[in-house]
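Here the structure is laid out as structure tokens; the discussion comes afterwards.
The values are calculated or read from the model by the stated rules, or taken from the named source; none is laboratory data. Computed from a prediction, not measured in an experiment: that's the story for all the values here. Here Cβ is always computed from backbone atoms with ideal geometry, including for glycine, and neighbour counts include all displayed protein chains. The protein model used for the area step is the full one, side chains on, heavy atoms only, and it has no ligands, DNA or RNA in it. Shrake-Rupley method; radii C 1.70, N 1.55, O 1.52, S 1.80 Å.
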Amino acid sequence: ATMKRESDWGLSHQQVAQTLADLGFASASLGKIREAEGYFQRSRREGIRSGDSDYGDIASLYMAGILIEVDLPERARAYMKQITSEAGDPGTAAYFWARLGEPAEAEKQIARLSTSTDHNTLSLYFDLPELRAILDLKAHKAAEAVAELEPSRKYILRDYGLPYQLATAEAEAGMLDKAAQGYRLILANPGIEPLWEHYALSQVGLARVLARQKDYTGAHAAYQAFLGRWKDADRDVPLYQQAKRELASLP
């Protein structure tokens, strides 16, 4: 009811494009990917219609990131190709391209940030470590990815992106206790980014880690928490289908 009240207000004032994007994030956090796409497409059109084409590109960037996380890379690629400006954070765009198997933009951003005299906190402790870490993960160097992200730990709850990437790298490096701790940190702090899909994804990440630790009771609970949260999700989303298969295969 509160979300409806707030979104109704936003849609009737000047925040239409932002409100549509927020509704898209809310839908994606529940696995309603087609509904999310509809909202982000409307957000892009509204931004362009109102003369804010930069925000239109940001809406496409947001949707691409969501599609990458739920294992729909080709659809994500289509949204990335819609972007014609650098309105969104270029580091985020470079990160997404690296996730899609095209590291050139990430390498370009790393070179730019490494030689920049503007050594602000975001560049030093978020953009650079996350870009370097994703390239390490793509090269199957999980331990190196963890090391790249370690200096950022002091800012761990700025948003879900850093703890999620760190937990994912730790899981790949076999640091299962730390990975579980990272996913639980996100799950214990739902108010940090209440609309981000990473909250639900952390339930899957935790379930997978617990299964590897042979904590099958805990894994069952984590998978069921995810599937309960995604009870109205699009049934053809690869992540949803994979989670169901993994749950069914547990002892």
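Below is a table of values for the structure above.
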| quantity | calculated |
| --- | --- |
| Wholly enclosed helices (runs of 4 or more DSSP H) of the stretch 61-130 bearing at least 2 residues under 20 Å from residue 146 (Cα atoms) | 90-99, 104-115 |
| Residues satisfying the stated conditions in the stretch 94-112, i.e. of a type in the set (Gly, Ala, Ser) and surrounded by 14 or more Cβ atoms within 10 Å (Cβ to Cβ) | 94, 98, 106 |
| Subset of the stretch 121-154 [touching a residue at least 12 places away in the same chain (Cβ under 8 Å), open to solvent by less than 60 Å² (accessible area, probe 1.4 Å) and of a type in the set (A, V, I, L, M)] | 128, 131, 133, 134, 135, 137, 142, 145, 146, 149 |
| From the options 17, 59, 26, 36, residue that is open to solvent by less than 40 Å² (accessible area, probe 1.4 Å), closer than 28 Å to residue 5 by Cβ and in contact with a Pro (Cβ under 9 Å, 6 or more places away or on another chain) | 26 |
| Options 84, 117: the member that is farther than 26 Å from residue 163 by Cα, loosely packed, with under 15 Cβ neighbours inside 10 Å, without any contact (Cβ under 8 Å) to a residue 60 or more places away in the chain and touching a helix residue (DSSP H, G or I) at 6+ places or on another chain (Cβ under 7 Å) | 84 |
| The stretch 163-205, residues that are of a type in the set (Ser, Thr, Tyr), open to solvent by 10 Å² or more (accessible area, probe 1.4 Å) and touching a residue at least 40 places away in the same chain (Cβ under 8 Å) | 164, 199 |
| Test: residue in the stretch 2-13 that is within 28 Å of residue 100 (Cα to Cα), without any contact (Cβ under 8 Å) to a residue 60 or more places away in the chain and not in a helix (DSSP H, G or I) | no |
| Among (1) touching a Pro at 6+ places or on another chain (Cβ under 7 Å); (2) loosely packed, with under 15 Cβ neighbours inside 10 Å, the one test that residue 50 misses | (1) |
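This table checks each residue for (1) in a helix (DSSP H, G or I); (2) over 14 Å from the mean Cα position of the chain (by Cα); (3) under 28 Å from residue 92 (Cα atoms).
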site	(1), (2), (3)
167	yes, no, yes
214	no, yes, no
224	yes, yes, no
233	no, yes, yes
245	yes, yes, no
